[in-house]
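The values are calculated or read from the model by the stated rules, or taken from the named source; none is laboratory data. Predicted, not measured: the structure shown is a model, and the values here were computed from it. Don't worry about glycine lacking a Cβ; one is built from the backbone with ideal geometry, like all the others, and counts go over all protein chains shown.
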């Protein structure tokens, strides 16, 4: 599977001479290669035991209504989408602010995961997903066909 990489096309002189000052002025890196591009995507711990795979996603402060977990074409997808809007009107001005936060993580499931029995729970800022295992039948079994 190919990895998509976003490249920064600023000239090298700009990178070296001005990036540090811009970063200090704005309080955060403005050039992608000086920061983790996926910094808003939570980390996921994956554990395996004899009966299941266990995923733990650290996502404190999220509302569980905004988190979607689904399985499609043997791929587990965890997505979060939250929109926030604030309106303030006074005699002299109207202020309207809005924010948008989203992330998505996908995992290709092994053949021995029972997708019908997947369970998820969100407690104390941790999204826990249990992926139970099933015994995979060997598809390479030889079966003799009788000729009539």
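Listing for the model above:
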| read-out | value |
| --- | --- |
| Of the criteria (1) in a strand (DSSP E or B); (2) surrounded by fewer than 10 Cβ atoms within 10 Å (Cβ to Cβ), which one residue 142 fails | (1) |
| Residue check, residue 77 assigned to a strand (DSSP E or B) and either touching a residue at least 40 places away in the same chain (Cβ under 8 Å) or closer than 27 Å to residue 113 by Cα (or both) | yes |
| Answer from 83, 88, 56 - the residue that is more than 26 Å from residue 122 (Cα to Cα), part of a strand (DSSP E or B) and modelled with pLDDT of 80 or more | 88 |
| Hits in the stretch 80-109 (condition: closer than 21 Å to residue 43 by Cβ and free of Cβ contacts under 8 Å to residues at least 12 places away in the same chain) | none |
| Odd one out for residue 96 among (1) surrounded by fewer than 14 Cβ atoms within 10 Å (Cβ to Cβ); (2) at pLDDT 90 or above | (2) |
| Residue within the stretch 116-124 that is assigned to a loop (DSSP other than H, G, I, E, B) and loosely packed, with under 10 Cβ neighbours inside 10 Å present | yes |
| Residues satisfying the stated conditions in the stretch 59-74, i.e. buried (at least 16 other Cβ atoms within 10 Å of the Cβ) and outside any loop (DSSP other than H, G, I, E, B) | 67, 69 |
| Given (1) at pLDDT below 55; (2) assigned to a helix (DSSP H, G or I); (3) surrounded by fewer than 12 Cβ atoms within 10 Å (Cβ to Cβ), index of the condition residue 21 fails | (1) |
